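A short write-up of the structure that comes next.
What follows draws every value from the coordinates through simple rules; no lab data is involved. For clarity, every value in this text was computed on a predicted model and none was experimentally measured. No Cβ is skipped: glycine too gets one built from the backbone with ideal geometry, and neighbour counts run over all protein chains shown.
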There are 2 protein chains.
Amino acid sequence: MSNASPLPLLDPDVVPCCPPLTERPLTAEEAVRTAAMFKALGDPVRLRLFSAVASHEGGEACVCDISDVGVSQPTVSHHLKKLKEAGLLTSERRGTWVYYRVEPSVLAAMGHILGRYAAA
Amino acid sequence: MSNASPLPLLDPDVVPCCPPLTERPLTAEEAVRTAAMFKALGDPVRLRLFSAVASHEGGEACVCDISDVGVSQPTVSHHLKKLKEAGLLTSERRGTWVYYRVEPSVLAAMGHILGRYAAA
DNA sequence: CCTCCATTTCGATGAACGTCTATGTTGACG
DNA sequence: CGTCAACATAGACGTTCATCGAAATGGAGG
């Protein structure tokens, strides 16, 4: 394939996990890896935290910016950790604050997995 | 309502739930509804069952076609019920067998929610 | 009717999860 | 150094969930 594009397009390495759900039945192993991503977004609090980061200006936010989700601070920290373990967020400490940022490739992978319906 | 379009395009009613995660922080209520969809796909067994239906010829499959996922048959039925409650599958009985079918609009909604990353 | 087969429902059990309070860690600033 | 603020970790508690075996439902066929 002549993939000489200089644009930041999706390259195959970015979607290493699994084929679209509509292509063929997932194997057990594929299902485990894919389910982990969906599971990470399967909690309302995590989803709000993730959305808050994703929609924040600059594509990143410190914890203090997004802690107003109705649960205690340790719970926020706990959920951010889960999102990080799932590969959906990355974090970086800068001085006093810790900044979280969306990992675009994982989102792209999820979109890819949803298959033709998602692209409609 | 003037819904006179003859084309099977995505109409707004099909994506009633929520804006893309990247557009603005989700409200609590939006997060609950959206998380339910992701949660339904957040289990490996459910994901395999869903994939089996989605990839089956004709876009539908009877339970007997997709029961080889390594759990007991009642457990399969349990997960299919969950997927149905989440709006991801529909079912119809034809004689002895029950056929499950993918609900495309919900998949489209999820793709929409994933936002620009998924569409890339 | 009676039986067979596919599927669902029921009830129980053990693991995983979300949440909290209390405490620890890390950097900034006098 | 001492203190404060931001964030993470630890441990406990109640709830939800996935799973199973057993029993119920409901068409199909003799």
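Distances between equivalent label points of B:R101 across the copies, with each point positioned 7 Å along Cα→Cβ, amount to 4.6 nm, shortest listed first. Label point of A:G58 (7 Å along Cα→beta-carbon): distances to the other copies' equivalent points are 5.7 nm, sorted ascending. In chain B, a dipole from Cβ-located charges (positive for Lys and Arg, negative for Asp and Glu) runs towards its positive end, and of B:A40, B:H56, B:L26 it is B:A40 whose Cα lies farthest in that direction. For segment A:26-119, taking Cα atoms only, Rg and Dmax work out to 14.0, 44 Å respectively.
A label point on A:S72, set 7 Å along the Cα-to-Cβ line, lies at 3.8 nm from each of its counterparts in the other copies, closest listed first.
Take each residue in B:27-39, count the other chain C-beta atoms within 10 Å of its C-beta, and the mean is 5. Per-residue mean of foreign Cβ neighbours for B:53-62 is 3 (Cβ atoms of other chains, 10 Å radius).
Can you give the Rg to Rh ratio of segment A:76-120, both from alpha-carbon atoms, with Rh computed by the Kirkwood formula? Let's see the in-between values first.
Details: Rg = 13.6 Å, Rh = 11.9 Å.
For segment A:76-120, the value is 1.14.
Placing unit charges on the Cβ atoms only, positive for Lys and Arg and negative for Asp and Glu, gives segment B:27-119 a dipole magnitude near 120 debye about its Cα centre.
Each Cα pair of the protein assembly as shown feeds into the Kirkwood radius, which the Stokes-Einstein equation turns, at 4 °C and 1.567 mPa s, into a diffusion coefficient of 69 µm²/s.
The lysines within cross-link reach of A:K82, meaning a Cα-to-Cα straight distance under 18 Å and a gap of 8 or more places when in the same chain, are A:K39, B:K39.
Dividing the summed -39500 (n - 2.57) terms of all DSSP H runs of n ≥ 4 by the residue count of the protein assembly as shown sets its mean residue ellipticity at 222 nm at -13000 deg cm²/dmol.
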